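All remarks here apply to the structure that follows.
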Amino acid sequence: MTTTPNAELYNSPLNHFSDARDCQLNELFLYTCSLETGAADLNVFSYLDSLGLSCVSVVDSVVLNIMSYCSVLRRLSLHQCHRLLNVTR
């Protein structure tokens, strides 16, 4: 899949995921979007086994916030997330 240079990214607020209360999300792969910060209950990520972000506009604090809910995370893939500076866990 190719993207158009300078295309506007889809803004995906994390609070969208807090609406999935009874969901057991195992894999999440996001491509060409922007993840926003904000108060959200991210317990839906407690079953997340794989997380992949490719060409996602996201900052360290948002990734670390998501990862803090991922108690069973085995695979993390970050590709061309240029706003990340220092993600450690």
What does the net charge come to around S50 if you take all other residues with beta carbon closer than 9 Å to its beta carbon, with K and R at +1 and D and E at -1? 0
Sticking with the crude label model, points 7 Å out along Cα→Cβ, report the distance from N26 to E8 in nm, one decimal please. 3.7 nm
Note: L76 to D60 extended length (0.36 nm per residue) minus current alpha-carbon separation gives 4.4 nm
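Read-outs throughout are calculated quantities, based only on the coordinates presented, and are distinct from any laboratory measurement. All values reported here derive from a predicted model rather than from experimental measurement. A quick note on method: Cβ atoms are made from the backbone with ideal geometry, for glycine too, and the neighbour counts reach across all protein chains shown.
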